[in-house]
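The block underneath contains the structure these notes are about, expressed in structure tokens.
The values are calculated or read from the model by the stated rules, or taken from the named source; none is laboratory data. For clarity, every value in this text was computed on a predicted model and none was experimentally measured. Because the Cβ atoms are built from the backbone with ideal geometry, glycine has one as well, and the counts that use them run over all protein chains shown. SASA here: full protein model, heavy atoms, side chains in, ligands and nucleic acids out. Shrake-Rupley method; radii C 1.70, N 1.55, O 1.52, S 1.80 Å.
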Amino acid sequence: MIYAVALALATVTLIPVNYAKASADDSQDPHIDGNAQFPPTRWYVVRHTFRVHIPKNSKEISQLSIQVPTNVTLSNDVDDINVEDKNGQRINTNVSVNDKTILLAFTEPVAPDTQLEIDLKNVKRRTGGNSYFYRLFAKFAGASTEVPIGGASFRIGY
């Protein structure tokens, strides 16, 4: 047993650090690069932000959908949902909210090698839970099916 643990540790230390980064950069699949909550406290109303990366080897994205956790209530105002690129330029998006699903339909497909920042403002968190988990899906231009691109978890700050 000790030898197995030592071998596993030796294997992990021998893997180059840039290997994981190179694999993620070479990916063809859109993915979540990060997420943030503001303010990072126990406030009742917060902003949840997602960063979605569409790699250079990916296909264009025509829409994103976000499954909202049951312990979160969104604002009824679709203007509280903003999509921008990494330079802060607003992306033209038709936003619709249907119960616990947000649909972001882009007026023009989003090109590969783009990073999106999605802000959900005036998110109301219910008490009694300490974690909020969103699931994100993408639809490629010309395709009819959605592909899961990951999830984002938010925890209550202390």
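Structural remarks
- Pairs meeting the criteria (first residue in the stretch 63-87 and closer than 11 Å to D99 by Cα, second residue among the aromatic types (F, W, Y) and open to solvent by 40 Å² or more (accessible area, probe 1.4 Å), beta carbons under 7 Å, at least 6 apart or on different chains) are P69/F133.
- Flag if N94 is surrounded by 11 or more Cβ atoms within 10 Å (Cβ to Cβ) and without any contact (Cβ under 8 Å) to a residue 40 or more places away in the chain: yes
- Every listed requirement among (1) open to solvent by 50 Å² or more (accessible area, probe 1.4 Å); (2) among the charged types (D, E, K, R); (3) touching a Leu at 6+ places or on another chain (Cβ under 9 Å) is met by D79 save one, (3).
- Looking across the stretch 40-69, the residues that are open to solvent by 10 Å² or more (accessible area, probe 1.4 Å) and either over 17 Å from the mean Cα position of the chain (by Cα) or aromatic (F, W, Y) (or both) come down to P40, T41, R42, W43, Y44, V45, K56, N57, K59.
- Flag if E117 is closer than 25 Å to Q28 by Cβ and in contact with an Asp or Glu (Cβ under 7 Å, 6 or more places away or on another chain): yes
- Pairs are defined by a Cβ separation below 8 Å, a sequence spacing of at least 6 or placement on different chains, a first member in the stretch 29-56 that is of a type in the set (G, A, S), and a second member that is modelled with pLDDT of 90 or more; the pairs so defined are G34/F50; G34/R51; A36/H48; A36/T49.
- The residues listed here are E108, E117; of these, the one that is in contact (Cβ under 8 Å) with a residue 60 or more places away in the chain and open to solvent by 40 Å² or more (accessible area, probe 1.4 Å) is E117.
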